[in-house]
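Asker: Okay, here's the structure, questions in a sec.
Please treat every number below as a calculation from the coordinates, not as lab data. It should be emphasised that the depicted structure is a prediction, and the values quoted were computed from it without experimental measurement. Cβ placement follows ideal geometry from the backbone for every residue including glycine, while neighbour counts extend to all protein chains displayed.
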Amino acid sequence: MTAVETGTRTRTAAEALEAAREHLLLLQSPEGWWKGELQTNVTMDAEDLLLREFLGIRTGADTDETARWIRSRQAPDGTWATFHGGPPDLSTTVEAYVALRLAGDPPDADHMMRAAAYVRGAGGIPATRVFTRFWLAMFGRWPWDELPVLPPEMMFLPRWFPLNVYDWACWARQTIVPLAVVGALRPVRPLPFGLDELAPFDDVPRNRRRGLPGWDTAFETLDRALHVYERRPVRGLRRAALRRAGEWIIARQERDGSWGGIQPPMVYSLIALHLLGYGLDHPVVRRGLDGLERFTIRDAEGRRIEACQSPVWDTVLAMNALADAGLPEGHPALERAAEWVIGEEVRGPGDWAVRRPDLPPGGWAFEFDNDCYPDVDDTAEAVIALNRVRHPLAEPAIERGVRWMAGMASRDGGFGAFDADNTRGLCRRLPFCDFGEVVDPPSADVTAHVVEAMAHRGMADSLTVKRAVVWLLKAQEPDGSWFGRWGANHVYGTGAVVPALIAAGVRPGRPEIRAAVEWLELHQRDDGGWGEDLRSYRDPSWIGRGVSTPSQTAWALLALLAAGERGEAVERGVGWLAEHQRADGTWDEDHFTGTGFPGDFYINYHLYRLVFPISALGRYLKGA
């Protein structure tokens, strides 16, 4: 059994597990849930200040605290990145810079001059993403005519027609509908300063692409036609479209005031409703602003905004970790957690029903309040968690969750996160879509979690699981790994798929499992841990490479243990976890290991560094 030196005494794997388990139990809320911080990048905070400036509600205290946080994230070269240790990101740097100008930082301050120099060298404002230029247009620092058009009349496209709102992923449709309203109304509320130090306003180039082949040419032609329409839209149709969009937005506001439980739709929906005439004292707007406060963290480092909150996800992961760690199924902590999770079950319809109208509701969402958008991933983990505890109401909830989850299979047998068969890629080709994934096709990690959950329920021989297993085997990369859609990256995908395949009855000796084991062993770092840098989403040379982290080391161990491995690689991985554990039983993890949009937006789930090592250590000790 692995043992390492910790302080003045030797800590064994069993002692490391005990310390981590006790730390996790202490983090449980009285209501039964767990929630770690969901950390992203400073665009959340910059856009919060810009929203408040636009609405006229920005306060000095909020501005000062937010600016302190933004400054603390600035790299020595003056830039901001989208993840810890990542390369400079132009759009993030521009938005952070503008927010600091709002906070009163003078452009000739050293940190501002370094940021501006980088922006100019990287192409200036014209080279930023559409979302950044959208914000600048609202403040008169970019021409509306130089932005791609997304007309609100799209609300009238039938569901079978390409580019209707349900062709977009749930997070995208909740963003583009309010943005279509804002783009149609084209507000301009000038900033109290210029930005010529970033790019002269009068020198804006015509940056639309020309002469591109195939679909790109078609969509650029469509965009030019829409610009012509925007100059003289059909008045009655435009009014009806704006009214329809406003009603659509209001119908999807959650009980906590959010939209989809995520920051971007909250911000853009508030702006859209404000422009449609809803005052700041209107109940819908008031709930939205109050909801943003729930996403706000204030501490010694400053004020920052969570892009989302993950209590359901964190809670079911914590329950599964504690069960792996040997907590008995009747333990009070698990019973309280089960009670809370059962109460969070989604029992009503949502946008998912557009493609599955006959499917009864069920399942779980990610957040405290998100009844419109339960997701397959949370439902799978909740099914596993509830299946491991004793609660009189658990069984009916599990059955509804399994039925809903199975019904969300796409035609090819795989599972996306929020919708079934959300695979029409035309949305990606719109000039508007230069940031983030806008559709929700099946992914290996989500499909694997479904397979594992249904196997826990004794359904490994069901047609749904068999089709999903075939999908997973086909999705394996040539190197033996699996791509990770919602976690970084091939380590996450492989760490999810191997345990699921084994649970479904795939033999450890099959070539696919052996290839995955070989890939993991090949990418183990010299220190015994595993890490994969988020740059791997854009640069294949980073696949399987990066600084060792607790969560990624645990994912690799979970796969190896499921495959029956008990050799040197496993011992060294467990040793890394024990050696790097803090005295309080948790681990440090500055590096981001969660994924929002591959290549664009990343997450540091602060509870990942605890729950996944607990699961890995628990399963290791059970097999020792």
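Asker: To the nearest µm²/s, what D does Stokes-Einstein give for the range 53-96 at 37 °C and 0.692 mPa s, using the Kirkwood radius over alpha carbon pairs as Rh?
Answerer: Estimated via Stokes-Einstein, D reaches 283 µm²/s.
Asker: Enumerate the calculated ³J(HN,Hα) couplings along the range 254-269 in order (Karplus 6.51 cos²θ - 1.76 cosθ + 1.60, θ = phi - 60°), each rounded to whole Hz, writing x wherever the residue is Gly or Pro.
Answerer: Using θ = phi - 60°, the values come out as 7, 4, 7, x, 8, 10, x, x, 10, 5, x, x, 4, 5, 6, 5 Hz.
Asker: For the chain, what relative contact order do you get, as a whole percent, if you take Cα pairs closer than 8 Å and at least 6 residues apart?
Answerer: Relative contact order here is 17 percent.
Asker: Now for a separate question. Suppose the chain between VAL354 and ALA583 were pulled fully straight at 0.36 nm per residue; how much longer would it get relative to their current alpha carbon spacing?
Answerer: Here the segment from VAL354 to ALA583 would lengthen by 77.4 nm.
Asker: Please list, in order along the range 279-288, the HN-Hα scalar couplings obtained from phi with the Karplus expression 6.51 cos²θ - 1.76 cosθ + 1.60 (θ = phi - 60°), rounded to whole Hz, x for Gly and Pro.
Answerer: Working through the residues one at a time gives x, 5, 8, 5, x, 5, 5, 4, 4, x Hz.
Asker: Using R₀ = 22 Å, calculate the FRET efficiency as 1/(1 + (r/R₀)^6) where r is the Cβ-Cβ separation of ARG68 and PHE193; round to 0.05.
Answerer: In this case the efficiency is close to 0.65.
Asker: Across 10 Å bins from the origin, how do the percents of Cα pairs in the range 242-378 run, short distances first?
Answerer: Histogram of Cα-Cα distances, whole percents per bin: 11, 33, 32, 18, 5, 1.
Asker: How long are the semi-axes of the equivalent ellipsoid of the range 40-193, taking √(5λ) for every eigenvalue λ of the Cα gyration tensor, in whole Å from largest down?
Answerer: 30, 17, 15
Asker: Which one of PHE156, TYR373, GLY573 has its Cα pushed farthest toward the positive end of the charge dipole of the chain, where Lys and Arg give +1 and Asp and Glu give -1 at the Cβ?
Answerer: Farthest along the dipole direction, towards plus: PHE156.
Asker: In terms of the ratio Rg/(2.2 N^0.38 Å) built on C-alpha atoms, what value belongs to the range 318-384?
Answerer: Compactness ratio reported: 1.26.
Asker: Can I ask one more? Only four residue types carry charge here, +1 at the Cβ of Lys and Arg and -1 at the Cβ of Asp and Glu. Report the dipole size of the chain about the Cα centre in Debye, rounded to the nearest 20.
Answerer: 2000 debye
Asker: Moving to a separate point now. If packing is taken as the mean number of other Cβ atoms within 10 Å per residue, what is the order of 278-289, 597-608, highest first?
Answerer: So the peptides 278-289, 597-608, ranked by packing, come out 597-608, 278-289.
Asker: Just from the alpha-carbon atoms, what are the Rg and Dmax of the range 464-572 in angstroms?
Answerer: Cα-based Rg and Dmax for the range 464-572 come out at 12.9, 40 Å.
Asker: Calculate how steeply helix 444-456 sits against the longest principal axis of the alpha-carbon atoms of the chain, using the helix alpha-carbon long axis, and give the answer as 0 to 90 degrees to the nearest 10.
Answerer: 40 degrees
Asker: Order these peptides, 424-436, 471-483, by their mean beta-carbon neighbour count within 10 angstrom, highest first.
Answerer: Order by mean packing, descending: 471-483, 424-436.
Asker: Moving on to the next point. Specify the angular offset, from 0 to 90 degrees and rounded to the nearest 10, of the alpha carbon long axis of helix 43-55 from the longest principal axis of the alpha carbons in the chain.
Answerer: Approximately 40 degrees, to the nearest 10.
Asker: Which of the three applies to the range 496-624, rounded, prolate or oblate, going by the alpha-carbon gyration tensor with a ≥ b ≥ c and a/c under 1.5 meaning rounded?
Answerer: Cα axes put the range 496-624 in the oblate bin.
Asker: Report the semi-axes of the equivalent ellipsoid for the range 31-118 in whole Å, largest first, where each axis is √(5λ) for an eigenvalue λ of the Cα gyration tensor.
Answerer: Semi-axes, largest first: 23, 19, 10 Å.
Asker: Quick one: plug the Kirkwood hydrodynamic radius of the range 88-174 (C-alpha pairs) into Stokes-Einstein at 37 °C, 0.692 mPa s, and report D in µm²/s.
Answerer: Once the numbers are plugged in, D ends up at 216 µm²/s.
Asker: Output the relative contact order of the range 496-624, whole-number percent, from Cα pairs under 8 angstrom with separation of 6+ residues.
Answerer: Answer for the range 496-624 is 24 percent.
Asker: For the range 311-436, report the % of Cα-Cα distances exceeding 17 Å.
Answerer: Cα-Cα pairs in the range 311-436 separated by more than 17 Å: 58 percent.
Asker: Set Lys and Arg Cβ to +1 and Asp and Glu Cβ to -1, take the dipole of the range 77-212 about its Cα centre, and tell me which of PRO126, VAL98, ALA109 lies farthest positive.
Answerer: The one lying farthest along the dipole's positive direction is PRO126.
Asker: For LEU163, put the label point 7 Å out on the Cα→Cβ axis and report which residues of the range 401-428 keep their amide N under 11 Å from it.
Answerer: Within reach of a label on LEU163, which here means backbone N under 11 Å from a point 7 Å along Cα→Cβ, the range 401-428 contributes 426-428.
Asker: Can you give the helix-only mean residue ellipticity at 222 nm for the chain, where every DSSP H stretch with n ≥ 4 adds -39500 (n - 2.57) and the sum goes over all residues, rounded to the nearest 500 deg cm²/dmol?
Answerer: Taken over the chain, the calculation gives -15000 deg cm²/dmol.
Asker: For a Förster distance of 35 Å, can you work out the FRET efficiency between the beta-carbons of GLU301 and ILE57, rounded to the nearest 0.05?
Answerer: For R0 = 35 Å, the calculated efficiency reads 0.90.
Asker: Please list log₁₀ I(q)/I(0) at q = 0.28 Å⁻¹ for the range 220-269, using the Debye equation with identical point scatterers on the alpha-carbon positions.
Answerer: -0.94
Asker: Using +1 at the C-beta of Lys and Arg and -1 at the C-beta of Asp and Glu, which of ALA488, ILE305, VAL465 has the Cα lying farthest in the positive direction of the dipole of the chain?
Answerer: Towards the positive end, the residue furthest out is VAL465.
Asker: Computed FRET efficiency, Cβ-Cβ of ARG403 and ASP108, R0 51 Å: what is it to the nearest 0.05?
Answerer: 0.20
Asker: Which angle from 0 to 90°, rounded to the nearest 10, does the C-alpha axis of helix 463-475 make with the longest principal axis of the chain?
Answerer: Helix 463-475 sits at roughly 70 degrees to that axis.
Asker: Let me ask something else. Can you check how the C-alpha radius of gyration of the range 561-616 compares to 2.2 N^0.38 Å, as a plain ratio?
Answerer: 1.34
Asker: Under 14 Å Cα to Cα from LYS474, which aspartates and glutamates show up? Leave out anything in the same chain fewer than 8 places away.
Answerer: Candidates past the 8-residue exclusion: ASP412, ASP445, GLU512.
Asker: Moving to a separate point now. Let me understand the range 288-348 better: what is its radius of gyration from the alpha carbons, and its Dmax, in angstrom?
Answerer: According to the Cα coordinates of the range 288-348, Rg and Dmax are 15.5, 43 Å.
Asker: For the range 168-177, just list the computed ³J(HN,Hα) in residue order, Karplus coefficients 6.51, -1.76 and 1.60, θ = phi - 60°, integers in Hz, with x standing in for Gly and Pro.
Answerer: 8, 4, 4, 5, 6, 5, 6, 8, 6, 5
Asker: In percent, how large is the relative contact order of the range 1-118, given Cα pairs closer than 8 Å and 6 or more residues apart?
Answerer: 21 percent
Asker: Scaled to the compact-protein estimate 2.2 N^0.38 Å, what is the alpha-carbon radius of gyration of the chain, rounded to two decimal places?
Answerer: My calculation over the Cα atoms of the chain gives 0.97.
Asker: Along each of the three principal axes of the Cα atoms of the range 428-474, give the extent in whole Å, ordering the values from largest to smallest.
Answerer: Taking the Cα atoms of the range 428-474, the three principal extents are 46, 18, 13 Å.
Asker: Given the range 410-499 reduced to its alpha-carbon atoms as identical point scatterers, what log10 I(q)/I(0) does the Debye formula return at q = 0.12, 0.19 Å⁻¹?
Answerer: Debye curve over Cα of the range 410-499, log10 I(q)/I(0) at q = 0.12, 0.19 Å⁻¹: -0.39, -0.88.
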